[in-house]
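The values are calculated or read from the model by the stated rules, or taken from the named source; none is laboratory data. In this text the structure is predicted, and so the values were computed from the model without any measurement. Glycine also receives a Cβ, built like all others from the backbone with ideal geometry; neighbour counts cover every protein chain displayed. Please note that ligands, DNA and RNA were not included when accessible areas were found on the heavy atoms of the full protein model with its side chains. Shrake-Rupley method; radii C 1.70, N 1.55, O 1.52, S 1.80 Å.
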Amino acid sequence: MTDVTGWHLDQAGGLTCSTPAELAQVPLEERRPPTDPVAYHGRQGIVTRWWSATNRSSVICGSLRRTRVAVELDFDPSVVRFSGEPLELHWQTGTTKHRWRPDFMARTADGHRAVVVVRPDKPGPQWRMRLSVLHEVAKHAGWRVQERPVPLGMRRANLEWASGYRHPRPVSHEEERALLAAFGQPRPVLEGVTASGLPQLSGLDLAWQLVWRQHLLVDWDVPLLPTSPTWAAGTGQ
């Protein structure tokens with residue numbers, strides 16, 4: 001394998017090339033892709049833009065699988081910023097030239113950068129080669145490497161539904177405190193809203209916002225319903 005180079009946009013939006021060591025100084029979690037990804041045969045769905053509550057801006061996702069992982073990243077409190085496909089790696093093995101875009105670049109709350117890749121359902125030789133190259137680049141750039149599976153089943157359905165409440169809405173501190181106080185122990189969402197004294201409709205909206213922000217906790221592996229047991233974070237449940 002010859003030397004690996006990384007193509008990305010610079011601060012002014014121009015296309016540039018960096019060595020793995022130089023990438024350590026590039027805030028890729030703030031950059032757009034070198035060019036917009038194009039959906040190809042075999043990808044699930046079309047290229048989409050996920051509006052991220054974490055970033056307060058859109059993240060480009062090149063497939064439905066990536067969009068589903070973007071929901072997980074947006075929900076993850078350890079992630080403070082992330083971008084989709086901001087880097088294209090180029091390398092060569094023998095006479096064969098390779099290019100590949102890892103799925104996401106994230107900055108975490110502890111100040112580190114992580115390159116996030118969506119784990120394929122059936123990893124093969126190409127995936128193993130790409131992952132080997134990525135780990136080598138990450139070692140020089142000072143990144144962590146995260147392999148994330150696509151969320152499945154009830155957890156995915158719940159996260160996708162709850163993500164509808166990710167958009168910021170004005171809420172008074174008094175209303176939020178009243179609602180959190182009502183969930184000092186597990187109780188159905190609707191029951192807690194009623195006990196808080198808030199109007200039912202606006203109280204339910206606020207409750208689901210707090211579930212998304214993880215101030216209210218639920219079991220993500222059972223359906224989210226107005227009857228779902230819910231409790232405030234930090235109550236020791």
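Please grab the % of Cα pairs in the range 153-229 that end up more than 15 Å from each other. So the pairs more than 15 Å apart make up 50 percent of the total in the range 153-229.
At 0.36 nm per residue, and after removing the present C-alpha to C-alpha distance, how many nm does the segment from TRP100 to ASP219 gain when stretched out fully?
On the way: separation 119, 0.36 × 119 = 42.84 nm, distance 3.68 nm.
Fully extending the segment from TRP100 to ASP219 adds 39.2 nm.
Centre-to-centre separation between the Cα atoms of the range 116-137 and those of the range 159-188: 39 Å. Taking the Cα centre of the chain as reference, the dipole from Cβ charges on Lys and Arg (+1) and Asp and Glu (-1) amounts to some 620 debye.
The angle separating the long axis of helix 153-162 from the principal Cα axis of greatest extent in the chain is about 70 degrees.
To one decimal place, what Kirkwood hydrodynamic radius in Å is obtained for the range 184-230 from all pairs of distinct Cα atoms?
Computed over the range 184-230, the radius equals 10.5 Å.
Counted residue by residue at 0.36 nm each, then reduced by the alpha carbon distance between them, the extension gain from ARG155 to ASP121 reaches 10.5 nm.
In terms of the Cα gyration tensor, with a ≥ b ≥ c the square roots of its eigenvalues, is the range 104-237 rounded because a/c is under 1.5, prolate because a/b exceeds b/c, or oblate? Prolate, because a/c is 1.5 or more and a/b exceeds b/c. Sorted largest first, the principal axis extents computed over the alpha-carbon atoms of the range 72-148 equal 43, 28, 17 Å. Take the Cβ atoms of ASP3 and ARG56, set R0 to 41 Å, and the FRET efficiency comes out at 0.65. Per residue, the chain exposes an accessible area of 52 Å² to a 1.4 Å probe, with every protein chain left in place. Extension gain, GLU174-CYS17: 0.36 nm per intervening residue step, less the Cα-Cα distance, totals 51.4 nm. Per-residue ellipticity at 222 nm from helix content only, as computed over the chain with -39500 (n - 2.57) for each DSSP H run of at least four residues, stands at -9000 deg cm²/dmol.
With semi-axes defined as the square roots of five times the eigenvalues of the C-alpha gyration tensor, the equivalent ellipsoid of the chain measures 40, 18, 15 Å, largest first.
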